[in-house]
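The next block holds one structure in the form of structure tokens; read it before the comments.
The values are calculated or read from the model by the stated rules, or taken from the named source; none is laboratory data. Predicted, not measured: the structure shown is a model, and the values here were computed from it. Heads up, the Cβs are rebuilt from the backbone with ideal geometry, glycines too, and the neighbour counts pull from every protein chain shown.
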Amino acid sequence: MTLDVIALQSATTAAWTALAPAILLGLTGLALLGIDTVWPDEPSNALLAGVAAAGSLVSFGVTGWLLVAGTGQASTGGAISLYGDALVVDGMSLFFTLIFTVVTAMVAVAAYDYLEDHSHRAEFYSLVLFAATGMALMATANSLATVFISLELASLPSYALVAFLKTDRGSVEAGLKYFLIGAVSSAVLAFGISLVYAVTGSLVLGDVAAAIGNPEMAGVLGLGVLMILGGFAFKTASVPFHFWAPEAYEGAPAPISAFLSSASKAAGFAVAFRVFVQAFPLDAVPAGVDWVVAFQVLAVVTMTLGNFAAATQENVKRMLAYSSIGHAGYALIGLAALTAGGPNGDVLGASMAHLLVYGFMNTGAFLFIALVEHWGVGRTFEDYNGLASTAPIAAVAMTVFMFSLAGLPPFGGFLSKYILFYSAIEAGFWWLAAVGAVNSALSLFYYSRVVKAMWIETPVADFEIETRPVGLYAAVIFAGVGTLLLLPGFGPVIETAQTVAATLF
């Protein structure tokens, strides 16, 4: 009996350890609220930003340690299932949690300067941490019920964060639109989950996969799968559920635009990858439920519309918003190029690696906009004219982000796109890679406009930079260095991503 108790305690300890990243994020959010309660007269901004950044970095470190140690991977006994298989900790969940935590840390550091003249700072930081907690749980969700709950945990704080600038009409309007479209998409997702439950009698992904072979219910199942796909398309800002993204990203505080376009998007893909690969495996779904075709259409339309819309923008922040839609199309190749018996682990892993690189370069680009807003510079391309002569270090970082997002060597975005397109060709979908390459070439046009404005064009008006915000500068430079270091370090990244992705099949 004693041995049984010891074994049970060890298993419980292992479970808490496996969930440590999400627990740390949640506890940090609660600690921030506690600080606000103890010091109700607006606690120190430095203290709040420090606690938020420290909690995120500790969670990042624990996640990296668990990933390197092989937690939840084949080498240590496989995935760790918790709470009646509602949650599962494996290599893929830890890989995505790395993205969430590092983006959260950069946003927390950048917000130190951005929120300097704002009130309710503790609420801001805690909402960011609670949203990150929801994203970490989304990556571990192994039940459609847990998927829905964790998605709402990530979404509800995000609605408030978009509308955080309460005296700014654009921010409030963006938050309202985001909330209304999010409410509709949640209803669609919940209805889709109910249809799948009606067909299979279960919400656990593995049990759903074992019960979907009934051809008599293929129509109901297909409708449920389509509605679930629509719910995930909203979270990843994929066409035709992308309408909220340009409005939300433009109206939200710039650090939140970075957070939503990088971490939130990655969270949507994390849960979509697990649900469609494990609940609706290609060798088990009825013939009429071909969700891969739906993702192929979604990928092509999303990357094309996003890039063409970005090319027509004059507002830099709005351009990046549409650009993020285009990158959602690239990431969708991870699901669009899957085949029964194909190199699925390589394809899915390549998409995961691209999302990691994207987390650095896209977050950095939006944080550069936060830096420019802090200086009172306008938002159009013309307003960026000659900025490099006044802020050369920040301009160099922004140049790195723009060329990396475009996929030019020698930046991290080049290798991530190359491996992604190569994996699609290897799987037999050369046309998906061709569409992606053409769209990537188009994106160079509008990304280079930012670089040209900063380095070549003459300023339309004289302006001086009176402050050098330490937090914003640190976050931007950190993102730039990360984008550069991912080029020589891409080998271990892609190897890890493809290894953990292969275990899903």
Could you count how many residues in the range 211-233 are surrounded by fewer than 17 Cβ atoms within 10 Å (Cβ to Cβ), in a helix (DSSP H, G or I) and touching a residue at least 12 places away in the same chain (Cβ under 8 Å)?
-> 5
List every residue pair whose Cβ atoms lie under 6 Å apart, where the two residues are 6 or more positions apart in sequence or sit on different chains, the first residue falls within the range 235-263 and is of a type in the set (A, V, I, L, M, F, W, C), and the second residue, located anywhere, is assigned to a loop (DSSP other than H, G, I, E, B) and surrounded by 24 or more Cβ atoms within 10 Å (Cβ to Cβ).
-> A245/A237
Within the range 234-259, can you find the residues that are in a helix (DSSP H, G or I) and farther than 18 Å from Q313 by Cβ?
-> F234, K235, P255, I256, F259
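If I filter the range 284-299 for residues that are assigned to a helix (DSSP H, G or I), under 30 Å from R169 (Cβ atoms) and out of contact with any Gly (no Cβ under 6 Å at 6 or more places or on another chain), do I get at least one hit? Walk me through it before giving the result.
Taking the range 284-299 as the starting set, the residues that turn out to be assigned to a helix (DSSP H, G or I) are 291-299.
When the remaining residues are screened for being under 30 Å from R169 (Cβ atoms), the result is none.
No.
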Options P255, P286, P281; residue that is surrounded by 24 or more Cβ atoms within 10 Å (Cβ to Cβ) and of a type outside the set (G, A, S) | P255
Since S262 meets every condition but one in (1) within 15 Å of F366 (Cβ to Cβ); (2) in contact with a Gly (Cβ under 7 Å, 6 or more places away or on another chain); (3) not in a helix (DSSP H, G or I), which condition does it not meet?
-> (3)
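Please find, within the range 302-335, the residue that is surrounded by the most Cβ atoms within 10 Å (Cβ to Cβ) out of those that are of a type in the set (S, T, N, Q) and not in a helix (DSSP H, G or I). First the steps, then the outcome.
First, pick out the residues of the range 302-335 that are of a type in the set (S, T, N, Q): 302, 304, 307, 312-313, 315, 323-324.
Okay, now just the ones that are also not in a helix (DSSP H, G or I), so 312-313, 315.
Numbers: T312: 10, Q313: 20, N315: 15.
Applying the filter and picking the extreme gives Q313.
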What number goes with the only condition from (1) among the polar types (S, T, N, Q); (2) in contact with a His (Cβ under 9 Å, 6 or more places away or on another chain); (3) over 20 Å from A353 (Cβ atoms) that N307 does not pass?
-> (2)
Mind checking which pairs have a first residue in the range 15-35 that is more than 28 Å from T76 (Cα to Cα) and a second that is aromatic (F, W, Y), Cβ under 7 Å, 6 or more apart or different chains?
-> G29/F130; L32/Y125
Residues of the range 263-307 classified as closer than 14 Å to A237 by Cβ and of a type outside the set (K, R), total | 15
For the range 71-163, please list each of the helices (runs of 4 or more DSSP H) lying entirely inside it that holds at least 3 residues being modelled with pLDDT under 90, surrounded by 22 or more Cβ atoms within 10 Å (Cβ to Cβ) and under 19 Å from the mean Cα position of the chain (by Cα).
-> none
Pairing a residue in the range 401-426 that is within 17 Å of A479 (Cα to Cα) with any residue that is crowded, with 24+ Cβ neighbours inside 10 Å and among the acidic types (D, E), where Cβ atoms lie under 8 Å and the two sit 6 or more apart in sequence or on different chains, gives none
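One line per residue, one yes/no per condition, for (1) assigned to a helix (DSSP H, G or I); (2) under 30 Å from G206 (Cα atoms); (3) within 22 Å of the chain's Cα centre (by Cα); (4) in contact (Cβ under 8 Å) with a residue 40 or more places away in the chain:
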{"residue": "F478", "(1), (2), (3), (4)": "yes, no, yes, yes"}
{"residue": "T483", "(1), (2), (3), (4)": "yes, no, yes, yes"}
{"residue": "P488", "(1), (2), (3), (4)": "no, no, no, no"}
{"residue": "G491", "(1), (2), (3), (4)": "yes, no, yes, no"}
{"residue": "E495", "(1), (2), (3), (4)": "yes, yes, yes, no"}
{"residue": "T499", "(1), (2), (3), (4)": "yes, yes, yes, yes"}
{"residue": "L504", "(1), (2), (3), (4)": "no, yes, yes, yes"}
Any chance the range 371-387 includes a residue that's under 22 Å from the mean Cα position of the chain (by Cα) and either modelled with pLDDT of 90 or more or among the aliphatic types (A, V, I, L, M) (or both)?
-> yes
Regarding R449, is this residue without any contact (Cβ under 8 Å) to a residue 60 or more places away in the chain and either in a loop (DSSP other than H, G, I, E, B) or basic (K, R) (or both)?
-> no
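So which residues in the range 174-197 are polar (S, T, N, Q) and more than 15 Å from G219 (Cα to Cα)? Working first, answer last.
The initial filter retains those residues of the range 174-197 that are polar (S, T, N, Q), namely 185-186, 194.
S185, S186, listed by residue number.
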Looking only at the range 183-201, and only at residues there that are exposed (fewer than 14 other Cβ atoms within 10 Å of the Cβ) and more than 27 Å from the chain's Cα centre (by Cα), the one that is modelled with the highest pLDDT = A198
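Within the range 464-474, is there a residue that is part of a helix (DSSP H, G or I), over 29 Å from F273 (Cβ atoms) and touching a Leu at 6+ places or on another chain (Cβ under 9 Å)? Talk me through it step by step, then tell me what you get.
Initially, the range 464-474 is screened for residues part of a helix (DSSP H, G or I), giving 470-474.
Now drop any that are not over 29 Å from F273 (Cβ atoms), which leaves 470-474.
Narrowing further to those that are touching a Leu at 6+ places or on another chain (Cβ under 9 Å): 472-473.
Within the range 464-474, one or more residues are part of a helix (DSSP H, G or I), over 29 Å from F273 (Cβ atoms) and touching a Leu at 6+ places or on another chain (Cβ under 9 Å).
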Among the residues listed as T167, T200, the single one being without any contact (Cβ under 8 Å) to a residue 12 or more places away in the chain and polar (S, T, N, Q) | T167
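Give the residues of the range 300-343 that are over 26 Å from S171 (Cα atoms) and without any contact (Cβ under 8 Å) to a residue 60 or more places away in the chain, sorted by residue number. Write out each step before concluding.
Of the residues in the range 300-343, the ones over 26 Å from S171 (Cα atoms) are 300-301, 303-304, 329-343.
Matches in the range 300-343: A340, G341.
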With (1) of a type in the set (D, E, K, R); (2) modelled with pLDDT of 85 or more; (3) in a loop (DSSP other than H, G, I, E, B); (4) at negative phi as the list, and D36 as the residue in question, which single condition is left unmet?
-> (3)
Quick check: is even one residue across the range 234-244 among the β-branched types (V, I, T) and crowded, with 24+ Cβ neighbours inside 10 Å?
-> yes
